[in-house]
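Below is one structure, written out as C-alpha cells; the observations come after it.
The values are calculated or read from the model by the stated rules, or taken from the named source; none is laboratory data. Note that this is a predicted model, so its numbers are computed, not measured. Using ideal geometry, Cβ is built from the backbone for each residue, glycine included, and neighbour counts are taken over all protein chains shown. Just so you know, the surface numbers come from the protein's heavy atoms only, side chains and all, with ligands and any DNA or RNA stripped out. Shrake-Rupley method; radii C 1.70, N 1.55, O 1.52, S 1.80 Å.
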Amino acid sequence: MSSDALKKRKSKVLRTEGGTPEVKRGRGDADPQDVRVYNEEVELDSKDPAQDYAQYKESCESLAKLMSEIQELKASGAKEGSTEVEQKRMQSCILFMNLKKLNRLAHMRLKRGRDQTHEAKQKVDVLHLQLQNLLYEVMHLQKEISKCLEFKSKHEEINLVSEEEFYQDAPTEISRPQHTKNDPHQLTLARLDWELEQRKRLAEKYKDSQATKEKIQKSIEVKKEHLRSLQPGLNAIMQASLPVQEYLSMPFEQTQKQAEVARHLPPPLYVLFVQANAYSQACDKNLSVSINGDVDEAKALSKPPDDSQDDESDSDAEEEQEKTKRRRPTTGGQLDDKRREMIKRHPLSLCVDLKCKDGSTLHLFFYYLMNLNIMTVKTKVSTSTDLSMAISAGELLKSDTLLSCLYSSDQGRETPNPANRYQFDKVGIVSFADYVEDLGYPYMWVQNLGGLHFPGETSEGMLVGSSLSASHMESTMKLLRGRVQSRLALHKQFASLEHSIVPISSECQNLFPAKIISRLTRWTTISHQEFMDLPYTRHVTDAGLSKETDLYFMGVIERGTARLHAAVVLSPRYPEISPLFSVSLNWKGECSGRTDDNLRAIESEVNVFKNELQGPRPGHQLLTNQIARLCVCLDVYLETEGQDDSVEGPREFPREKMCLRTVRGPNRLKPFKYNHPQGFFSHR
Amino acid sequence: MEPVELLHMSVFSQSFSPCGRFLAAGNSYGEIGLFSLAAALSPDATAANQKPVLTFTAHKGPVFSLLSNDCVLLSAGNGEISAWSWTELTKKNVKPLWTKRPNYKSGLEIPEINSMVLNPQDNSLVVGAGDNNVHVLDLEHGVFKTVLQGHTDYVHCVCVREREAELLSGSEDGAVRMWDSRTGQCVHCIEVYKYESCARPQYGKWISCVTTDSDWMLCGGGPSLSLWHLRSLSPTSMFPLSGCQRQAAFHQDKILAVGEGAFVSHCLLGGEVKAQIPCTPSSLNTLQLNSNSSEHRVLTVGGSSSHVDVFTNLSYRAFSLSF
C-alpha cells in the first residue's frame, strides 16, 4: 500500500516539478513556500560551492551504501516491505532529496555567473567606443594642422624691390629698421607696405598723363577742323581756275586727276598706262588711254597689306559663320567661292582707244587678275559707218577671234603664268579657257605690254619691267591697227560676197580678164568640224594647216551645170597668212583636187601663186582676188574640157578664153595663168 | 619651203646617180632634190635621212625630165636642157656644166621638154618637146643635129630601140611614130586610138608612155595600156587599168605601170593585172628602178605629192622620201 502511495507521490512530484521544486517539503501547507524559495536564494549566497560539492560526494556514497545494504537484505531473503528495507528506503529518499537540492543550487549558480559576465562585457564595449572617438578626433586635428602649415600667402607672387633698395629708398617710418632687421616677418610686412605706397604714387602719375593726353588730342582736333574748313575754299578756287586752264589749253587738272587715279593702279596696269601715254605723246596721237573702274575700291585694296589681310580673314570668317548658320556648307559651294576669289579682277581697268584712219576705233580693255598675276584684254570695235550685217562676217569682229594669234600661236586661251596651273589644281579649275569669255583673253603680248614676263618654253632672253613693255608697244600697236583694218576690210568684202558679188578694185583689174562667166553663188561660214568632215580637205588637215583658231568658209562657184565648191581656211593673221582653198568640182561626176591634176593646179594657182593676187599693200584684197581667180580658172577648165573634135553637137561651154595651148606637160595641165596686156592664158 | 607649197608640189621626174647611191627628183617648182638612198636605206635611218641632202632650183618651170649618163645629170625644164656633174652635185656644188635650148620656131610660149632619152649608138640625146617635134642633140659636139617633124601635137614621150636604130615617140595627137635614127625619116606611124581594142574615147587619144623591149612595145595614155608586137605592128594584149597611164616599164617578166590612181600596177604580159600596190601620192607621174647599184636596188615612184615612195620589195611601200 505504501508503495502505491509513494508511486502516487512520485507521480505528483513529477507533475509539478517545473513550478514548484520543493513540492515534497511543502505537502500539506503551500503558504510558506515563497519564503522557502527566497531562502534558497539566500542560501546560495551563503554556501560555498566547494562545500556543496563535498556534500554531493558524501550523499552519493551514502546512497550507494544504502543501495548495496538493500540488495544484501534482499539477497538474504528479506521480505518485500520489511521494516529494515523500508527504513533504508526512507534514508535513501532523503538522500535523493538532498541531491536534488544540490542540483538546483548548481543551476542557479551557473545562471548568476552568466549574468555577471554579460554585465562586465557591456561595460567594456562602451569604453572601446569612447576610445575610437578620441582617436578620430586626433586624426582630424592633425589634418587641420598640416593644412595650416601648407598655406601660401599672396604676397609671395608680388615682385618686391630688393632688400638693399628697400632700406635705401623707403622712409624709416615704413622700414623701421630696429624692428625689421631681425624679424623677417616684420621685414616682409614693411616691404609690402612700401610696395603699396609706390603703386599708389604711380597710379596717380598715370592719371595725370592721361589727362594731358586728352588735352593734346582735343587741341589737335580743333586744328584739324580748321584745316578741313579750308578745303571747300580751295576747291572753289580750283573750280574757278578751270576756265582759265581750258582757255590756256593746259589740262593740268585732268592729267593730275588721272595721275591721282593711276596711283591706285596695280603695277602691270600702271606700267601699261605710263608706256601707252608715253607712246601716244611721242609717236601716235590717235591713241588715247583712260582709266575705268571704282577708285574707292582700289584705294581700299592699296591700303597697307597687313590691314587688308586682317579684313579679308575677318570677312572670310564671317562668311563662313553665315554659311554654317544657313546650312552646312557643301564643298562644291566652298570651291565656287574660292574659284571666284581666285579669278577676281582688280577694280580698275585700263581702256586704250586706237583710232584708225577711216574713223573706226578699236577699244581695248585691259584687266588685271590680282590673284593669278596675269593681265587680260577685251576688245570692241566701233566704226564710223554702219556695218551692213553680213552673216558670214559675224565671227570677224568678235572678241575671241579679233586678236587671236596676233603674234604667231598666241591664242590667249591658256594662262601664260605657269604658277596658275597649281592654283587651278587647288580649286579644281580645269582650264582657263572656260573663263576667257568673262575675264578677257590673257594673250602673251598683253603680259608683255604690262611688263609681266613669264618664262615659257620659247623664252629667249629675260626682259624686265617697263623696258619690256616699251620694246613691245610700237610693234603691237601697229599689229593691232593692221588687224582691225584687215578685219574691217574683210567685213565689207563678206557683205558683198554674200550678195554673190566678188569685189575687184581698180588696182587689181589687170589680174583678171574682162569677162568672167563663173559666178560666186554662195558664201557661208562653216565650222572646223564641218571643214574636217569634207572629203577633199583631208590633205590640208593632215598637213596641219587647219587649226582650231582658224575661220572656215565655204564658197560655191557656178557656171551652167558645173558647180565648184571651195572650202577656205582663213587664218586669224590674214592677210599675213593667206587663205587656203580646197576645191571640189561637181560636173559630169564628182572630182576634187585629190583626183584631178587640173583641179590641183587650180588650187595651187590660188594658194601658191598668191603673191600675184596680193593687190596693193597690205593685201586686204587677197581673199576676193583669190575667189575671182578661182572663177577665172573654172572658166578655163570648163572651156578647155572635152577637146575631142569627134564628139558631135554643140558644147555646153564655148571657148571664149584665148589659150595658146589647151594642154601641156606630162600631166596635161590646162593653161590657168593669165597674161595681162595680151589677155591670153598660158601655162606656168 | 612653206607648207602650202609642199602641199601643192608634184614630182615629175627621177633619176638615179651612176653609183646608184643617190636619187635626183625634179618637182613642179623647177627644183631638183638630191636624196641619199644609202642613208635612207641604212638600218639606223631617221626621219632626217628621208629629206633631200641637197635641193636647188634648176629651172624656172617644172622639171619634167631627168636623165643620167655615167657622169652627168641632165635636166629638162622650161624649154631648156641643163647638165650637172654628179661628182660636183655630191659635193653640193650647184653649177650647170652647160645649158642648151633646141631651136624652136614658135615664139609666144616656150615649148616644154616632156621627155629625154639617151641613144648610146651615136652618143646623142633624143628630146621630145612641146613644139610637136623630136630634137636630137649630139652630145659629142653639143649641137642639135636633127629635128624629127611629123607629129601634129606635142610629144609626150620618146624611147630608143637600140638594135634596130629606131626612135619611138608618143604624142598628144594620139600617134606613136617610129623614126630611123640615122636618116631622121618617119618609118611607121601607129594611131593607137583607131584600134578599137585600145581606144577609150571618154579619156582621149593622146599617148603618154612608150617603152620598148626588143620586138615589143608598150604604149598607153588616153587609150588603154597595150602591148604591141612591132614586127607585125599589131596589139597583142590590153591591160584593163582604169585611168591614164603615164609611165610603164618592163621588169623581168612583168610590166610595171603608173598613172592616175594612187597605186603601182603589176601586169603580166598576157594582159592580166596581177597586183595594184598602194602608195602615197594620189596620182603618179614617174617610176624608176635603180639598176645602177646592187645594194640599193629599189623602185621609186613620184607623183602629185611632195613624197617619193620607195619600194625595197616590189610588193609593198617601204617608206617615203619627201621634199
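Here are the numbers for this structure:
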item	result
Debye-sum result for segment A:160-250 in log10 I(q)/I(0), which assumes one identical scatterer on each alpha carbon, at q = 0.11 Å⁻¹	-0.59
Percentage, to the nearest whole number, of Cα pairs in segment B:111-238 over 26 Å apart	16 percent
Integer Hz, Karplus 6.51/-1.76/1.60 couplings in order for segment A:663-673, x for Gly and Pro	9, 7, x, x, 9, 6, 7, 8, x, 9, 8
Spin-label pair B:Y195/A:I237, simplified geometry with 7 Å Cα→Cβ offset, distance in nm	11.4 nm
Cβ-derived FRET efficiency at R0 51 Å, A:E474 paired with B:N313, nearest 0.05	0.25
Accessible area (Å², 1.4 Å probe, nearest 10) - A:C405	10 Å²
Anchor A:K338: lysines whose Cα lies under 20 Å away (excluding residues fewer than 8 positions away in-chain)	A:K323, A:K325, A:K426
Given A:K673/B:K145; A:K380/A:K610; A:K257/A:K378; A:K610/B:K105; A:K344/A:K478, the pairs whose alpha carbons are separated by over 28 Å	A:K673/B:K145; A:K380/A:K610; A:K610/B:K105; A:K344/A:K478
Kirkwood Rh and Cα Rg combined as Rg/Rh, segment A:41-150	1.57
Area accessible to solvent at A:E605, 1.4 Å probe radius, in Å²	10 Å²
Stretchable slack from A:E156 to A:Q245, in nm (0.36 nm times residue separation minus alpha-carbon distance)	24.3 nm
Estimated dipole of the protein assembly as shown in Debye, rounded to 20 [Cβ of Lys and Arg +1, of Asp and Glu -1, Cα centre]	2220 debye
Environment charge at B:L168 (Cβ cut-off 11 Å; Lys +1, Arg +1, Asp -1, Glu -1)	0
Per-selection Kirkwood Rh - the protein assembly as shown (Cα, Å, 1 d.p.)	41.6 Å
Convex hull volume of segment A:88-179 per residue (C-alpha atoms, cubic angstrom)	158 Å³
Cβ neighbours within 10 Å from other chains - mean over B:61-68	2
Candidates B:I81, B:I113, B:I190: whichever shows maximal mean-square fluctuation once chain B is modelled as a Gaussian network with Cα springs under 10 Å	B:I190
Under 23 Å, Cα to Cα: Lys pairs in segment A:160-250, sequence gap 8 or more or different chains	10
Spin-label model distance (nm) - A:D169 vs A:V126, 7 Å beyond Cα toward Cβ	7.1 nm
Volume per residue of the C-alpha convex hull in segment A:428-578, rounded to whole Å³	193 Å³
Cα-Cα over 27 Å, subset of A:K123/A:K143; B:K60/B:K95; A:K299/A:K355; B:K60/B:K92	A:K123/A:K143; A:K299/A:K355
Straight-distance crosslink candidates among lysines, where the alpha carbon sits under 25 Å from A:K79 and sequence neighbours closer than 8 are dropped	A:K7, A:K8, A:K10, A:K65, A:K88
√(5λ) per eigenvalue of the Cα gyration tensor, segment B:70-126, largest first, Å	23, 16, 8
Computed FRET value (nearest 0.05) for A:E341 with A:D296, which takes r as the C-beta separation and R₀ as 25 Å	0.80
Alpha-carbon Rg with Dmax, taken over segment A:563-609, Å	11.6, 38
Farthest positive-ward along the protein assembly as shown dipole, Cα basis, beta-carbon charges - from A:G544, A:N448, A:S46	A:S46
Potential extension, A:K285-A:S505 segment - 0.36 nm per residue separation minus Cα distance	76.2 nm
A:A54-A:D438 pseudo-label distance in nm [points 7 Å out on the Cα-to-Cβ vector]	13.3 nm
Along principal axes, Cα extents of chain B, largest first, whole Å	52, 45, 37
Extension gain, A:T83 back to A:F454 (0.36 nm per residue minus Cα-Cα distance, nm)	117.6 nm
Computed [θ] at 222 nm, deg cm²/dmol, the protein assembly as shown (DSSP H ≥ 4; -39,500 (n - 2.57); rounded to nearest 500)	-12500 deg cm²/dmol
Whole-number accessible area per residue in Å² for segment A:41-150, which is evaluated in the context of all protein chains at 1.4 Å	83 Å²
